[in-house]
Every structure is written in C-alpha cells, then in structure tokens.
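What follows is a short report on a single structure.
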Amino acid sequence: ALLWAARKIEGMNDPAWKEYNKHRDGDYVDEDKTLPVSMLIFCGVHKEGQENFRVAPYNDPYVTTAFNVMEMLIAKRKKENTFHGPQRNMLPVDRLMNEDVSCAMAEWAFLPKDAELVLKIYQEYFHYTEWPNLPLEVEFVKCDDHYMSPWNSRKMKGGPVEYLVKANILWFFSLKYTDPQDGKMKTRSRKEQEIVRDQIEVHAQGLWNQLKEEGICFKAHWGKINFTTPEDVEQLYEWEKFKKYIQPEMMNEYYKKRLPKL
C-alpha cells in the first residue's frame, strides 16, 4: 500500500516550509517532467501482457513482473521508497496524459476509529475476488464544512472529527493490445473500454456492498467511482441546507440518480 501523510506547517520558520521553498516540485519528479522510468516499465509490461481482447485490471504475473522491475530499480539506485513533494507532481495518473493506458479510481473516506476494520474488509474482499493491479492508497484528509463535501464529517455517525482516512482503490488497464494474428499494436474501441469500466464497477460495488453490510459509515468522492444513493445523501450530507441552491437545469442523469427528489 501507499501511505499519503502530511502535517501542518507551523509558519515560515518551520523547517518543512524552508525545505519546500528550496524544492517546490519535491524530490520525485525529473527535471524534464517526463514519465518516470519505473512507470514506463509498468505501462509497457502491462500493455504487452494484455494480448487480444483480454483486459484484466487486476494483479497478475505481468503486473508482478512490472513491480519486481520497479523494486529492482529503486534498490539499484539505493534510494528510499519514500518521496516528498506536491501530490500533483507525484501521481502519474494526475500529472501526465498517456495514450496507452488508463486508470479508474474509487476514493472513499472513513472515520479514523474504523480504519483498521475497513482495511481488514478490503483485504478479505480482494483475497476472495481479485486484487486491483495498483497498490491501495491510504490518505489522511482534513475535514471541511462544505454542505456536500465528502470530507465533511458533521453528519457521519461518530462525527464530527478533525480528519478522515481515505482508502483509495485504483484499477490500471491498457488502452492498446497486441493482436495475435498480425503481431501489431492496436487501440481498443470505445465499446471495449466501456466493457472494462463495467467490469471495474461490478468489482467496486461488491466491496461497497460489503462495507454497508458491515455497518461501516463512509462517504465517497463525487467525481470517482461511487454508488451513493439518495438515502446516503440525506443521512450523511447537509442536504437540507444545500438543496435550495440547486438549479434544476444543471441536473444530469448522474445527479438525478444520487440526489433526493427536490
């Protein structure tokens, strides 16, 4: 798993602030802003491993090979696998567009008291189904007071709290494949990509349902994979305060499915 952590910078005399000003881009990104070699290897191995129409955004021997190579590179450079800097620079999915690969993500937030149990549920679910092919990300996020924010804990059972713990799941898949008939590299059609997305959503919804059955209270990032219902919105969000600001003409099918009726 990857752990994203941060602490509050205590003014301009804080050593962390001084370090940030010396290296604003952090110690992860190359000067030329290209995709890190390790990520290129991961993309390449994963792409070559998905022959014909087999698309599996899960852990497999090809993914294991990619991670082994990446681990070897880090060991060879004798560099610790801990890096510092703005997340916008450190996450290749956010930082760079790649024509060969894509990534789907679910970002769900939990109360700190439930974190240990949640991670156990994740592990057991993936053990009996499939492990996504990118590491689980554990991230701490400071709570806010915006009515419809996933990070507002005021209506969560056991809240409010100062921060939430996010467990982020990522499914990585190739947009290209090697055609076994002519050996040429080809790009998947939009329909094929939708099939992959549907497959990922079924995998994610199984975990979502498992968390609900275990009585876990959690909220989801609106812009990533989620199965939020109108009942969830009424229970977990400050809906009564927010609904008066909704402009009906701005509603789409996504929100109509998730928000309570006005």
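The values are calculated or read from the model by the stated rules, or taken from the named source; none is laboratory data. Quantities reported herein were computed from a predicted structural model and do not represent experimental measurements. As a convention, Cβ positions derive from the backbone with ideal geometry for all residues, glycine included, and neighbour counts pool all protein chains shown. Side chains included, ligands, DNA and RNA excluded: accessible areas come from the protein's heavy atoms. Shrake-Rupley method; radii C 1.70, N 1.55, O 1.52, S 1.80 Å.
Looking only at region 7-39, filter to residues that are assigned to a helix (DSSP H, G or I) and at pLDDT 65 or above; which one of those is surrounded by the most Cβ atoms within 10 Å (Cβ to Cβ)? Lay out the reasoning, then the answer.
So the first thing to find is which residues in region 7-39 are assigned to a helix (DSSP H, G or I), and the list is 15-22, 37-39.
Retained after the next criterion (residues that are at pLDDT 65 or above): 15-22.
On the way: Pro15: 9, Ala16: 13, Trp17: 12, Lys18: 11, Glu19: 14, Tyr20: 16, Asn21: 9, Lys22: 6.
This residue is Tyr20.
Might you check whether a residue that is part of a loop (DSSP other than H, G, I, E, B) and either of a type in the set (A, V, I, L, M, F, W, C) or at positive phi (or both) occurs anywhere in region 115-122?
No: zero hits.
Could you count how many residues in region 132-150 are within 29 Å of Val196 (Cβ to Cβ) and either assigned to a loop (DSSP other than H, G, I, E, B) or small (Gly, Ala, Ser) (or both)? Walk me through how you get there before you give the answer.
First pass over region 132-150, keeping only residues within 29 Å of Val196 (Cβ to Cβ): 132-139, 141, 150.
Filter once more, keeping what is either assigned to a loop (DSSP other than H, G, I, E, B) or small (Gly, Ala, Ser) (or both): 133-136, 150.
Adding up the residues that qualify gives 5.
Within region 227-242, count every residue that is under 28 Å from the mean Cα position of the chain (by Cα) and assigned to a helix (DSSP H, G or I).
9
If we scan region 167-181, do we find a residue that is over 17 Å from the mean Cα position of the chain (by Cα), among the aliphatic types (A, V, I, L, M) and not in a loop (DSSP other than H, G, I, E, B)?
Within region 167-181 (the criterion being over 17 Å from the mean Cα position of the chain (by Cα), among the aliphatic types (A, V, I, L, M) and not in a loop (DSSP other than H, G, I, E, B)), the answer is no, since none of the residues qualifies.
Please determine, by comparing only the residues of region 217-247 that are of a type outside the set (D, E, K, R), crowded, with 16+ Cβ neighbours inside 10 Å and in contact with a Leu (Cβ under 9 Å, 6 or more places away or on another chain), which one is farthest from Trp171 (Cα to Cα).
Among those that are of a type outside the set (D, E, K, R), crowded, with 16+ Cβ neighbours inside 10 Å and in contact with a Leu (Cβ under 9 Å, 6 or more places away or on another chain), it is Trp239.
Tally up the residues in region 153-163 that are surrounded by 14 or more Cβ atoms within 10 Å (Cβ to Cβ) and out of contact with any strand residue (DSSP E or B) (no Cβ under 8 Å at 6 or more places or on another chain), please. I'd like the intermediate steps shown before the answer.
Quick first cut of region 153-163, residues surrounded by 14 or more Cβ atoms within 10 Å (Cβ to Cβ) only: 153-156, 159, 161, 163.
When the remaining residues are screened for being out of contact with any strand residue (DSSP E or B) (no Cβ under 8 Å at 6 or more places or on another chain), the result is 154-155, 159, 161.
The total comes to 4.
Yes/no matrix, rows are residues, columns are (1) open to solvent by less than 60 Å² (accessible area, probe 1.4 Å); (2) over 27 Å from Asp114 (Cα atoms); (3) assigned to a loop (DSSP other than H, G, I, E, B); (4) not charged (D, E, K, R):
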residue	(1), (2), (3), (4)
Glu192	yes, yes, no, no
Ile200	yes, no, no, yes
Leu211	yes, no, no, yes
Glu249	no, yes, no, no
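Is it the case that region 197-208 has a residue that's touching a Gly at 6+ places or on another chain (Cβ under 8 Å) and within 20 Å of Leu111 (Cβ to Cβ)?
Checked against the condition, which is being touching a Gly at 6+ places or on another chain (Cβ under 8 Å) and within 20 Å of Leu111 (Cβ to Cβ), region 197-208 yields no hits at all.
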